[in-house]
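One structure below.
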Amino acid sequence: MRLGGIYDHIGFGFHRYSTDRQWILPHFEKMLYDQATLIMAYSEAYSLTKDEFYKEVVYEIVKYLERDMLDRTGGFYSSEDADSEGEEGKFYTWTKDEIDSILGEDSDLFCKIFNIKEEGNYLEEATGELTGRNVLYIDEKVLNQINIPKEKLEEKVLNWREKLFKEREKRIKPFKDTKILTDWNGLLMAALSKAGKLLSEDRFIDLAKGVYKFIKEKMYIDGKLLHMYKDDEAKVDGMLDDYAFTIWGLLELYEANPNIDILNLALELQKKVDELMFDEKNGGYFISSHIQDLIANTKPVFDGAYPSGNSVMLNNLLRLYHITTDEQFYKRAEKTIEFFSSDIKSQSSYHTMFIIGLILYFYPVSEVILSGDCKDKLREINTRFLPNKVLLLKNDNNIEKIAPFLKTVPIEERCKIYVCKNFSCNLPTENLEEALKVIEG
């Protein structure tokens, strides 16, 4: 995907989807939720493989978001259109003559690497005819045939990109949808926090903190979330995804930046969404408040372009249970699993986020407690891919109000790590690798 035309090789970020199996011909719209979920995927891929290529993709996506999609409030805009000047892809595609005039003697090499053709490689969608314009994409076989040292080639690509980006900025840009949506920003908060942890990048965490501040100050009004922010006004009652993704983002951000205020907000939102949208009789969450008089109120669980609200809520409930020991969270998770079980069994591939929640339900979860001055050990733990753990920091007694089982954990002078299973803790250790073996085991 990163090598294909679905990726913007000049300005970064992913287009909405590909119209072919090779990821070459995109629909050129860019969506915030795609950037968020792909940040997660590439961050986790880097954490598991330590392949620098995946890490580079994360940095590029975030660079695009910071440059083009970040509002002064700290929230991020929704999308950028595919069309400009009434033509899809015109902003992103190139003729060979344009490449020749901009890159000069380097044009032939660039065209070979990025598959630029005189007749174009981009087909007009309605007629299927070549347009004379080109989508940039890379064929690895061709790339491996280039007899230039890797460092030298990377330097050239960087120079080409800067020249083409500068020229592209002169074009009429696609329309940018500057609505700021709570659910998509919550999803991005989760992604930036996860990337900040796994890649040990404080800048990503700072961006996530900016989203947190935006939601808390602009979108959390009178104890409820609102859905949309536009022209300095928050409006429309929050729906399931707004609560689900924001809580997810807060839980990820807390682990990256252990601040009890973040956890408290997650719990407040969980209490509110349980009140407004949880089906106490049958289990699962309605898409909007069941207090309202609606003709129909569905319970979404199918994962589409991004995870469903109920899938995310299942994960949130189980993580909050392992943080708080509150049996209500566990019971709601069980009722949610029971309600959707037939859907998951019959079409499991369409409910992958729900299945991630089932892993938290069926397999052991480690409650990892850091006590004392644990900044370095926190950073190290966060770079590991440890999906079946929750992490808590005890540096004062306030956390006991949220997690009562921490009353037995003293506040240490030197950093100690407590690894607990089902709230029963091993003896503390200062040895990180020893603790990691217990967590991973």
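Rule-based calculations on the coordinates, nothing more; no lab input. It should be emphasised that the depicted structure is a prediction, and the values quoted were computed from it without experimental measurement. Reconstructed Cβ throughout: ideal geometry from the backbone, glycine too, with neighbour counts over all protein chains shown.
Between the range 219-233 and the range 70-129, the alpha-carbon centres lie 36 Å apart.
How many nm separate the modelled label positions at residue 398 and residue 429, each set 7 Å beyond the Cα in the direction of the Cβ? Here the modelled spin labels are 3.1 nm apart. In this structure, the residue pairs whose Cα-Cα separation is over 31 Å, taken from 272/407; 179/331; 50/377; 173/272; 176/375, are 179/331; 173/272; 176/375.
Quick one: 408, 246, 37, fewest Cβ neighbours within 10 Å first, how do they rank?
Fewest-to-most Cβ neighbours within 10 Å comes out as 408, 37, 246.
This ranking places 277, 239 by how few other beta-carbon atoms lie within 10 Å of each, fewest first, which gives 239, 277. For residue 260 and residue 363, the difference between the fully extended length at 0.36 nm per residue and the C-alpha to C-alpha distance is 34.4 nm. What residues of the range 381-399 lie in the reach of a label at residue 440, counting those whose backbone N is under 16 Å from a point 7 Å from the Cα along Cα→Cβ? Output list for this probe position: 381-389. Between residue 233 and residue 352, the modelled label-to-label distance comes to 4.0 nm, taking each label 7 Å out from Cα in the direction of the beta carbon. Panel note: the C-alpha atoms of the range 264-324, placed on their principal axes, show extents of 37, 27, 21 Å (largest first).
A crude spin-label estimate for the pair residue 150 and residue 68, with each label 7 Å from Cα along the Cβ direction, gives 2.8 nm. With a/c under 1.5 counting as rounded, go ahead and sort the range 364-441 into rounded, prolate or oblate using the C-alpha gyration tensor (a ≥ b ≥ c being the square roots of the eigenvalues; past the cut-off, prolate if a/b is larger than b/c, else oblate). Oblate, since a/c reaches 1.5 and b/c is not below a/b. For the chain, the longest principal axis of the alpha carbon atoms and the long axis of helix 32-49 meet at an angle near 80°. Between residue 331 and residue 216, residue separation times 0.36 nm minus the direct Cα-Cα distance comes to 38.6 nm. Measuring max minus min along each principal axis, the C-alpha atoms of the chain give extents of 71, 57, 44 Å (largest first).
Once you have a ≥ b ≥ c as the square roots of the Cα gyration tensor eigenvalues for the range 206-256, tell me rounded if a/c is under 1.5, and otherwise prolate or oblate according to whether a/b is larger than b/c. Oblate.
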